[in-house]
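Below is one structure, written out as structure tokens; the observations come after it.
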Amino acid sequence: MDKAVKTPTQQQEEDPPPPSGGKQDDYTVIRMYAAREQIYPREIQGRFASLRWLCVFLTQLVFYGLPWIDWNGRQAVLFDLASRKFYLFGLVLWPQDFIWLAALLIICAFSLFLFTAIAGRVWCGYSCPQTVYTEIFMWIERRIEGNRSARMRLDRQPLSFDKLWRKSAKHLAWGALALWTGISFVGFFSPIRELLPALGHFGLGPWEMFWIVFYAFATYGNAGWMREQVCKYMCPYARFQSAMFDRDSLIITYDGARGEPRMPAAKAAKLEGGSRAGDCIDCTMCVQVCPTGIDIRQGLQYMCIGCAACVDACDSVMDKIKRPRGLIRYSTENALEQGFSTAGIRRRLLRPRILIYSAILGAVIAVFAGSLLVRTPLKLDVIRDRGSMGREVEDGIIENVYRLQIINTDERGHRYRISASGLSGISVDPPEPVDVAATLTQSVPIRVRVPHGVGEPGSNKIHIELQAEDNPALHVSEKAVFLVPRP
Ligand code: SF4
Ligand code: SF4
């Protein structure tokens with residue numbers, strides 16, 4: 001929200017007349033819409049810029065590269081929604097394994113809480129797709145339209161051949177990258193090696209086409225056009241992250257005690273008497289490199305995504321004027337107020353909030369890893385045939401009918417022996433083993449029988465067991481109820 005105080009003339013031109021008796025000069029116009037100012041971030045090099053580019057490479061290596069990796073003759077990472085199977089390298093997750101996906105989401109959420117409490121908006125500054133794609137799109141823009149001043153000049157000048165080809169080339173390059181991003185995204189849900197040929201001869205399904213276009217359009221729009229507007233106005237994380245911060249969380253800070261009073265070096269050189277100038281020479285480099293266009297010298301603002309571009313910019317200025325680095329730096333509110341050293345900041349790392357987040361995260365990771373390690377790639381559902389209660393068949397034998405759902409989540413097929421236990425003389429018919437192919441479910445009807453006189457009239461607990469013939473460790477046992485008719 002932009003609050004602007006208007007002159008009387010402007011008010012008369014733009015604003016509704018005051019109610020009778022009111023004076024126009026008394027009015028303050030509260031604008032609900034803030035017109036966007038085009039931001040032309042200056043390119044910067046430095047420690048944090050290198051770290052940001054490292055994150056860009058790593059995240060994009062994973063994003064664009066993963067769909068092309070094969071594992072056991074299929075795509076290594078594939079969320080196959082149609083057959084409701086999620087492939088993660090050697091792991092095949094079924095809808096019944098939803099608990100693992102939930103655990104993964106909990107791990108991601110607590111990691112975000114923990115890293116935010118320690119280091120503020122590191123996610124926004126280094127790994128968020130919005131930051132990463134904006135960085136890549138800006139790199140393309142700089143290669144085609146030139147540096148900050150050249151881009152500003154180009155936008156001001158009237159349409160010419162030079163402007164037309166540069167703008168067209170930029171949008172073509174952006175469009176191609178956005179399209180490839182959309183294809184890669186859908187490649188996590190539909191085998192990418194089949195997707196590309198299908199795309200070539202317009203053989204894609206409607207959902208695949210929709211998501212490719214949607215994701216490409218979102219990438220092009222968000223990273224090419226919207227940029228900082230997404231962080232400022234659309235991202236909910238920017239709004240609720242303050243709940244995860246405390247006064248010992250790392251943030252990008254301007255050291256006002258050291259920097260003020262700011263003034264250009266020439267003016268500082270002319271100061272006389274006891275007057276002193278701060279270290280800030282008011283060069284505005286920190287503002288020019290900021291992708292959200294803010295001035296960090298005005299204090300912590302929610303629009304700051306913690307990218308540390310201003311730290312690199314100010315450090316390079318300090319190097320030039322031979323002053324110590326760190327006028328803008330990672331620090332904490334408490335450190336700034338109480339003058340903590342780096343060691344003092346580190347000491348305050350082990351505070352209750354961090355310990356609690358770490359303990360919960362460690363526990364969830366341990367349970368997740370432990371349950372994955374002991375996981376059996378075989379599941380069994382036993383469904384009683386509700387149409388037939390326990391019944392007496394030949395020679396007084398009591399028989400119950402069940403339907404077994406055998407889910408082989410292993411990437412190899414197996415032959416399973418079916419048995420039952422829990423009542424003396426219990427047997428399964430048919431006694432032959434069942435073959436279940438890799439990552440398939442098979443439905444098998446069975447009859448379970450016990451001799452006359454065994455078991456109590458009514459419900460009896462039994463177990464139905466599956467044992468792979470080729471692997472003694474592949475074994476499951478499922479509870480079931482065996483009904484003995486009352487006399
Ligand atoms: S880059 Fe450093 S010296 Fe230049 S205006 Fe910003 S804070 Fe001041
Ligand atoms: S103020 Fe600094 S850290 Fe914050 S967004 Fe701008 S350049 Fe990045």
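Within the range 236-252, identify whether any single residue is near ligand 1 (Cβ under 10 Å from one of its atoms) and not acidic (Asp, Glu), and answer yes or no. No, every residue in the range 236-252 fails to be near ligand 1 (Cβ under 10 Å from one of its atoms) and not acidic (Asp, Glu).
Of all residues in the range 143-157, which are of a type in the set (Lys, Arg) and either surrounded by 17 or more Cβ atoms within 10 Å (Cβ to Cβ) or under 23 Å from MET234 (Cα atoms) (or both)? Write out each step before concluding.
Step one: list which residues in the range 143-157 are of a type in the set (Lys, Arg), which gives 143, 148, 151, 153, 156.
Selection gives ARG151 alone.
For the range 130-143, the set of residues classified as farther than 15 Å from PHE48 by Cα and touching a residue at least 40 places away in the same chain (Cβ under 8 Å) consists of GLN130, TYR133, THR134, ILE136, PHE137, MET138, ARG142, listed by residue number.
Working only within the range 275-293, note down all residues that are of a type in the set (A, V, I, L, M) and more than 28 Å from the chain's Cα centre (by Cα). Within the range 275-293, ALA277, ILE281, MET285, VAL287 qualify.
Report whether or not MET244 is more than 16 Å from ligand 2 (Cβ to nearest atom), more than 30 Å from TRP68 (Cβ to Cβ) and in contact with a helix residue (DSSP H, G or I) (Cβ under 7 Å, 6 or more places away or on another chain). Answer is yes for this residue. PHE210 meets all of the listed conditions (1) in contact with a Pro (Cβ under 6 Å, 6 or more places away or on another chain); (2) among the hydrophobic types (A, V, I, L, M, F, W, C); (3) closer than 24 Å to SER184 by Cα but one, namely (1).
Select from the range 254-303 the residues that are more than 30 Å from CYS124 (Cβ to Cβ) and charged (D, E, K, R) and list them in ascending order. Before the answer, list the steps.
Of all residues in the range 254-303, those more than 30 Å from CYS124 (Cβ to Cβ) come to 261, 263-277.
Correct list: LYS267, LYS270, GLU272, ARG276.
Listed by position, the strands (runs of 3 or more DSSP E) contained in the range 354-442 that have at least 1 residues being under 23 Å from LEU88 (Cβ atoms) and in contact (Cβ under 8 Å) with a residue 40 or more places away in the chain are 378-384, 398-408, 414-421. When the range 311-324 is filtered for residues that are near ligand 1 (Cβ under 10 Å from one of its atoms) and basic (Lys, Arg), the ones remaining, listed by number, are LYS320, ARG323.
Of everything in the range 331-348 that is exposed (fewer than 14 other Cβ atoms within 10 Å of the Cβ) and not in a helix (DSSP H, G or I), the residue that is farthest from ligand 1 (Cβ to nearest atom) is SER341. Within the range 211-250, the set of residues being over 22 Å from GLU135 (Cβ atoms) and touching a strand residue (DSSP E or B) at 6+ places or on another chain (Cβ under 9 Å) comprises PHE245 only. Out of all the residues in the range 59-69, is one or more assigned to a loop (DSSP other than H, G, I, E, B) and either within 30 Å of ILE356 (Cα to Cα) or out of contact with any Ser or Thr (no Cβ under 8 Å at 6 or more places or on another chain) (or both)? Looking for residues that are assigned to a loop (DSSP other than H, G, I, E, B) and either within 30 Å of ILE356 (Cα to Cα) or out of contact with any Ser or Thr (no Cβ under 8 Å at 6 or more places or on another chain) (or both), one finds at least one in the range 59-69, hence yes. Taken as a whole, the structure places GLY224 among residues that are within 23 Å of ILE140 (Cα to Cα), away from ligand 2 (no atom under 14 Å from the Cβ) and touching a Lys or Arg at 6+ places or on another chain (Cβ under 9 Å). Among the residues of the range 275-310, those that are more than 17 Å from GLY256 (Cα to Cα), among the aliphatic types (A, V, I, L, M) and away from ligand 1 (no atom under 14 Å from the Cβ) comprise MET303, ILE305.
Considered as a group, the residues in the range 392-411 that are at pLDDT below 90, charged (D, E, K, R) and surrounded by 14 or more Cβ atoms within 10 Å (Cβ to Cβ) include one that is farthest from PHE98 (Cα to Cα), and that residue is GLU411.
Is it the case, given these coordinates, that SER316 is more than 10 Å from ligand 2 (Cβ to nearest atom), under 31 Å from the mean Cα position of the chain (by Cα) and not basic (Lys, Arg)? In short, no.
The values are calculated or read from the model by the stated rules, or taken from the named source; none is laboratory data. All of these numbers come straight from a predicted model, not from anything done at the bench. For neighbour counting, all protein chains shown are included, and Cβ atoms are generated from backbone atoms with ideal geometry for every residue, glycine included.
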